[in-house]
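Presented below is the structure to which this report refers.
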Amino acid sequence: MTPTFMKVLAFLPPYEGKVVLELGAGTGHFTGELARKAGKVIALDSIESVVEKNQSINGNHQNVEFICGDVTSADLNLAAESVDLIISNWMFMHHSNKEVEEIAKSLLNLLKVGGYIFFREMCSSESEDHKQENNTFREPKFYTKICKECHISDTSGKSYELSLVRSKSLGTYILDKESHNKICWIWQKVNSEDDRGFQHFLDNVQYKSSGILRYERIFGHGFVSTGGIDTTKEFVAMLDLKPGQKVLDVGCGIGGGDFYMAENFGVDVAGIDLSVNMISIAIERSAGLKCSVEFEVADCTKKTYPDNSFDVIYSRDTILHIQDKPALFQTFYKWLKPGGKVLISDYCRKAGTSSEDFAEYIKQRGYDLHDVETYGQMLKDAGFEEVTAEDRTEQFIEVLQRELERVEKEKEEFIRDFTEGDYNDIVGGWKAKLVRTGSGEQRWGLFIGKKEVMA
């Protein structure tokens with residue numbers, strides 16, 4: 001198997017014993033490999049001679065059904081909710097926008113609840129779709145939009161939708177002197193009524209797509225955390241990154257820090273965030289970049305990785321949302337390799353009792369804040385050694401003032417690109433941060449810990 005096959009197969013969700021529908025199966029590059037683990041593989045292609053060749057190569061697998069047909073055909077006789085995993089390779093680019101929309105609904109109907117759609121497409125990283133012969137190379141956001149807006153209802157009236165799970169750029173392909181980005185996605189079929197309250201709050205209130213872009217204007221291109229590229233460079237320099245190391249970014253936002261680490265240090269970065277909007281923008285930004293970064297919509301308190309998976313765990317201004325920090329830090333410790341490092345920047349509070357106003361602010365935001373010393377002790381209690389717990393509040397105030405001055409200086413451009421209401425919200429929010437921080441109530445800390453090296 002080529003490295004590409006291995007990467008794709010490794011990216012797939014578990015399918016052992018499952019029913020897999022392979023769209024555009026071709027001559028069977030994947031069919032035989034899928035058949036080794038799947039309970040059943042349905043290999044579909046619209047070209048009869050290609051189907052026959054696939055059958056001649058992989059017909060020895062008793063669990064493969066070969067079908068000559070088109071996914072858009074009404075004659076495709078597959079029952080609703082009969083498939084666990086659907087795989088599509090370079091298929092959507094052969095269809096019109098309207099056909100892609102209809103195919104997405106059709107595939108959603110075929111999937112069992114909890115099942116997955118994996119697809120990869122060659123995309124354009126520019127502002128316009130490119131057409132070459134019968135192929136359309138679209139911007140990644142087209143596919144994200146189609147999938148996010150895909151909803152169906154069954155006969156009982158229950159509604160289902162697609163929820164983004166993971167995405168990764170697989171590099172750049174040169175076709176007729178134009179570069180096209182190979183991007184893959186995994187989406188899961190979920191009940192629209194499923195309780196995803198905090199995620200919906202993030203995507204519909206705190207981190208709407210327009211709101212994220214407002215924050216990015218303040219922090220700088222690719223960033224939604226304090227100090228943007230400047231603090232990122234400073235903190236990453238403390239990690240002593242080496243090519244080939246694996247980094248987990250918890251609360252990766254729109255990926256600026258991940259791209260910086262991967263491009264400048266040759267590390268492999270996995271970025272996770274609970275906000276679908278954040279991850280969707282990060283996917284857009286990954287197009288055209290030649291570095292190893294993948295993104296996943298995930299709750300860090302529920303996500304699992306094998307022990308000793310990462311050399312570094314990195315998190316910027318995110319863990320304030322997590323209520324049970326001791327349990328999370330214990331999990332980080334297990335995920336890190338011996339000698340691995342954790343680096344966290346986060347909002348904190350002053351030691352002792354908070355004022356009524358600040359306590360109400362914390363409650364209203366749902367934050368879990370601790371003083372810097374207590375935060376550091378939590379890392380020690382989780383097993384970390386050589387723990388650094390630094391109060392960086394003075395730096396935080398300087399950054400806030402610098403960011404506020406910049407947006408006020410660029411007021412006209414900001415209002416032109418957004419609205420006056422957006423400008424007032426941002427300026428008001430930054431001034432409120434300065435008041436809370438200047439009073440000493442709100443603090444900002446930097447925390448670093450190391451997992452012991454086994455003897």
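The values are calculated or read from the model by the stated rules, or taken from the named source; none is laboratory data. Please read all numbers here as calculations on a predicted model, not as lab measurements. Cβ coordinates were reconstructed from backbone atoms using ideal geometry, including for glycine residues, and neighbour counts include every protein chain displayed. SASA here: full protein model, heavy atoms, side chains in, ligands and nucleic acids out. Shrake-Rupley method; radii C 1.70, N 1.55, O 1.52, S 1.80 Å.
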Would you mind checking which residues have amide H under 5 Å from residue 444's amide H? H placed 1.01 Å from N; only 5 or more apart, or other chain.
348, 392, 393
State, to one decimal in nm, how far the label point of residue 97 lies from the label point of residue 394, with both points 7 Å from Cα in the Cβ direction.
5.5 nm
Fully extended contour minus Cα-Cα distance, from residue 78 to residue 113, at 0.36 nm per residue:
11.0 nm
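Among bridges DSSP assigns within the chain, what percent are antiparallel (round to 5)?
Values: 44 of 83 bridges.
Given both bridge residues lie in the chain, the antiparallel proportion sits at roughly 55 percent.
What shape does the range 228-274 have by the C-alpha gyration tensor, where a ≥ b ≥ c are the square roots of the eigenvalues, rounded means a/c under 1.5, and otherwise prolate means a/b greater than b/c and oblate the rest? Walk me through the numbers on the way to the answer.
Values: a/c = 1.83, a/b = 1.16, b/c = 1.58.
It comes out oblate by the Cα gyration axes.
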When we measure straight from the Cα of residue 409, which lysines land under 22 angstrom away, once same-chain ones fewer than 8 places off are left out?
431, 433
What does a probe at residue 334 reach in the range 296-318, counting residues whose amide N is under 15 Å from the point 7 Å along Cα→Cβ?
300-310
Do the alpha carbons of any pairs in 242/350; 303/363; 7/158; 37/303; 189/233; 233/337 sit beyond 29 Å of each other, and which pairs?
242/350; 7/158; 189/233
How much of the DSSP bridge set in the range 300-455 is antiparallel, in percent, rounded to the nearest 5?
70 percent
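How large is the Kirkwood hydrodynamic radius of the chain, in angstrom, based on all distinct alpha carbon pairs?
Values: mean 1/r = 0.0418 Å⁻¹.
23.9 Å is the Kirkwood radius here.
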Using unit Cβ charges (K, R positive; D, E negative) and no other charged atoms, how large, in debye to the nearest 20, is the dipole of the chain about its Cα centre?
720 debye
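Net charge near residue 56, counting Lys/Arg +1 and Asp/Glu -1 over other residues with Cβ under 14 Å of its Cβ? List each step's numbers first, then the result.
Values: positive: 53; negative: 45, 48, 52.
The answer is -2.
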Nearest-0.05 FRET efficiency for residue 141 and residue 65, computed from C-beta distance (R0 25 Å):
0.10
Residue 385-residue 453 pseudo-label distance in nm [points 7 Å out on the Cα-to-Cβ vector]
0.9 nm
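Could you give the accessible area per residue of the chain, probe 1.4 Å, as a whole number in Å²?
Values: 20960 Å² over 455 residues.
For the chain, the per-residue accessible area is 46 Å².
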Over the range 385-455, how many percent of alpha carbon pairs lie in each 5 Å bin up to the one with the longest distance?
3, 15, 19, 15, 12, 11, 9, 6, 5, 3, 2, 1, 0
If the only charges are +1 at each Lys and Arg Cβ and -1 at each Asp and Glu Cβ, what is the size of the charge dipole of the range 220-329 around the Cα centre, to the nearest 20 debye?
20 debye
Long-range amide H partners of residue 371, meaning residues 5 or more apart or on another chain whose placed amide H is closer than 5 Å, are 349
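If you take the Cα atoms of the range 253-327, find Rg, then find the Kirkwood Rh from the mean of 1/r over all pairs, what is Rg/Rh? Each step should come with its number before you reach the end.
On the way: Rg = 12.8 Å, Rh = 13.3 Å.
Rg/Rh for the range 253-327 comes to 0.96.
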FRET efficiency estimate (nearest 0.05) - Cβ-Cβ, residue 48 to residue 210, R0 51 angstrom:
0.55
